[in-house]
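Below is one structure, written out as structure tokens, with a few remarks after it.
The values are calculated or read from the model by the stated rules, or taken from the named source; none is laboratory data. Computed from a predicted structure; not experimentally measured. Positions of Cβ are backbone-derived with ideal geometry, glycine not excepted, and every protein chain shown enters the neighbour counts. The protein model used for the area step is the full one, side chains on, heavy atoms only, and it has no ligands, DNA or RNA in it. Shrake-Rupley method; radii C 1.70, N 1.55, O 1.52, S 1.80 Å.
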Amino acid sequence: MICSDKALYNNSLGVALVLMLFFAFYFIVARTPDKRIFANYLRSRRLMAGALLTLSANYAVHLFVSPRFMWHEAAVMMNLSTYYLTYWFFSCAFITLLNPNYFTVRRLLECIACWLAYNILSVTLLLCLPRGVMQHVAMLLMALWLISYGVYLSYKIINTYHQAVRLFDDTHSDDIAAYIHWMSIFTWWAMIFGVGCGLFTFLPDRYVVLWILSSIPFYIYLFCSYLNYLLFYEKVEHILEKEMTVEANTEFEESEMEDMPAYHSGIKEQLGRWIANESYRQQGLTIEEMAASLATNRTYLSSYINTVYQMSFREWIVSLRIAYAKRQLVEHTELTVAAISEASGFLSLSHFIKIFTKNVGCSPSTWRKRSVVNG
């Protein structure tokens with residue numbers, strides 16, 4: 001590596017190291033609201049700090065010791081070992097945000113045991129195999145192991161995320177899932193970036209700087225996302241806690257449902273009256289509130305909506321609100337789109353326009369103009 005390449009390599013390492021250390025210590029020491037409910041958010045943030053500190057240690061070794069120039073194969077194995085532990089910290093931090101019971105001492109000990117086994121095998125291969133092709137094959141196999149582990153953890157995060165989204169959509173008319181959408185974006189980004197870590201570590205030294213520089217926006221996005229999520233965390237966590245309590249009674253309710261007819265004779269009429277009364281326009285409507293007004297249980301109602309309408313509760317309510325908004329746009333041209341949005345039950349005009357456009361294919365204003373012109 002020529003001097004300019006080495007200087008760029010060291011400078012990029014230095015910038016990335018400073019940023020990661022700042023983010024890690026901020027996650028550890030920054031205060032959160034003094035409420036019990038934020039304990040899980042703080043736990044997740046500290047787990048993420050563990051990931052950043054692990055990577056920082058790796059970056060510091062590369063910056064001040066430069067192992068890639070002394071024993072390249074050992075430096076590659078050190079990188080793979082670092083990523084193995086980092087993957088677990090990242091996945092545990094994210095899953096903990098959506099499942100407060102996920103992080104346990106047992107899981108931590110199992111992770112440490114597997115990581116130690118990975119390290120012992122890596123060192124054994126380095127010391128026992130002759131340098132050259134054999135060591136390169138061994139490193140490639142260890143990298144494939146690491147990548148498989150990263151994909152597996154990413155699958156667990158995505159699965160947990162989709163379970164949370166289904167839960168929100170089946171119980172709330174508002175798009176609660178929008179508050180956690182950043183986790184899905186970041187998980188896919190992290191999986192691609194994490195797999196890249198395992199592959200880029202084999203690149204010649206002059207190209208490794210590309211991976212280091214690409215990590216900077218990655219960690220900035222992570223930091224900003226955690227800060228922004230603090231604004232919505234309490235609302236999401238309240239829902240998760242409540243639903244975890246409800247789940248304790250779900251099996252009993254489902255066993256009762258097995259003894260009922262496929263469709264209760266009165267539910268269709270009850271829903272018809274409920275729709276005729278335009279009760280779906282209530283902002284912040286939940287399936288629990290709707291079930292109470294229909295004198296039925298929420299589990300049965302959710303199952304009925306999913307089966308009959310082939311939609312989640314939120315999608316069904318949105319379809320009713322969109323239909324109502326369409327009627328108002330045509331029948332009451334004196335009303336503004338904002339007024340119709342609020343009357344339809346949407347929390348904000350921007351959200352209404354986004355949902356309307358997604359479902360109808362054009363904005364409310366455009367749809368109104370076309371409908372009026374076409375009579």
Long-range HN-HN contacts of T32 with modeled amide H, under 5 Å: none
If I stretch the segment between A7 and H181 completely, what's the gain in nm (0.36 nm per residue apart, minus their alpha carbon distance), one decimal? 58.8 nm
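What order do you get for 283-293, 164-174 when each peptide is scored by the mean count of other beta carbon atoms within 10 Å, highest first? Show your work: numbers first, answer last.
Working: 283-293: 16.0, 164-174: 20.5.
Peptide ranking by packing, descending: 164-174, 283-293.
What relative contact order, as a whole-number percentage, does the range 1-123 give when Cα pairs under 8 Å and 6 or more residues apart are counted?
Working: 91 pairs, mean separation 31.7, N = 123.
Across the range 1-123, relative contact order equals 26 percent.
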So how much slack lies between Q283 and A295, counting 0.36 nm per residue of separation and subtracting their Cα-Cα distance, in nm? 2.3 nm
Given charges of +1 on the Cβ of Lys and Arg and -1 on the Cβ of Asp and Glu, with all other atoms neutral, how large is the dipole of the chain about its Cα centre, in debye to the nearest 20? 1240 debye
At 0.890 mPa s and 25 °C, Stokes D of the range 20-86 from Kirkwood alpha-carbon radius, µm² per second: 184 µm²/s
Please sort 51-58, 20-27 by packing, taking for each peptide the average over its residues of neighbouring beta carbons within 10 angstrom, highest first. 51-58, 20-27
Top of L17, L329, L301 by mean-square fluctuation, Gaussian network on the chain, Cα under 10 Å: L329
Which of the helices in the chain, when you take each full DSSP H run, stretch at least 24 Å along the axis at their Cα atoms and have an average Kyte-Doolittle score of 0.5 or higher? 3-29, 72-98, 105-128, 133-171, 181-200
Keeping all protein chains in place, calculate the accessible area per residue for the chain (probe 1.4 angstrom), answer in Å². 50 Å²
Output the peptides 363-374, 210-221 sorted from most to least packed, where packing is the average of other Cβ atoms within 10 Å over each peptide's residues. 210-221, 363-374
Mind checking which of I287, L329, Q310 is farthest towards the positive end of the range 277-329's charge dipole, using Cβ charges of +1 (Lys, Arg) and -1 (Asp, Glu) about the Cα centre? L329
How big is the shadow of the Cα convex hull of the range 100-196, averaged over all directions, in nm²? 7.7 nm²
Residues whose placed amide H lies under 5 Å from that of H172, excluding near-sequence neighbours: I287, R314
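Do me a favour and compute the ellipsoid semi-axes for the chain from its Cα gyration tensor, root of five times each eigenvalue, largest one first, whole Å. Present the calculation step by step, with values, prior to reporting the outcome.
On the way: eigenvalues 509, 127, 67 Å².
That gives 50, 25, 18 Å for the three semi-axes.
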Which distance in Å, rounded to a whole number, links the C-alpha centroids of the range 76-145 and the range 286-320? 45 Å
Who wins for biggest fluctuation among R298, R107, R131 in a Gaussian network model of the chain, springs between alpha carbons below 10 Å? R131
Looking at the range 54-94 from every direction and averaging, what is the projected area of its Cα convex hull in nm²? 2.6 nm²
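Per DSSP H run of at least 4 residues, take -39500 (n - 2.57); add these up for the chain, divide by its residues and hand me the 222 nm value, nearest 500 deg cm²/dmol.
On the way: 14 runs with 295 residues, N = 375.
Mean residue ellipticity, 222 nm, calculated: -27500 deg cm²/dmol.
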If r is the Cβ-Cβ distance from A117 to K156 and R0 is 22 Å, what FRET efficiency results, to the nearest 0.05? 0.65
Using the Cβ atoms and a cut-off under 11 Å, what net charge is assigned to the surroundings of F346, where Lys and Arg are +1 and Asp and Glu are -1? 0
In the full protein assembly as shown, how much of K35 is accessible to a 1.4 Å probe, in Å² to the nearest 10? 110 Å²
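Give, in nm to one decimal, the length gained when the segment between M244 and T357 is fully stretched (0.36 nm per residue of separation minus the Cα-Cα distance).
Details: separation 113, 0.36 × 113 = 40.68 nm, distance 3.40 nm.
Result: 37.3 nm gained on full extension.
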Please identify, among A143, A343, A49, the residue showing maximal mean-square fluctuation in a Gaussian network model of the chain using a 10 angstrom Cα cutoff. A343
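Work out the length of the dipole vector of the range 28-123 about its Cα centre, built from +1 on the beta-carbon of each Lys and Arg and -1 on the beta-carbon of each Asp and Glu, and round it to the nearest 20 debye. Before the final figure, lay out the partial values.
Working: 9 positive and 3 negative charges, 98 e Å.
The calculation lands at about 480 debye.
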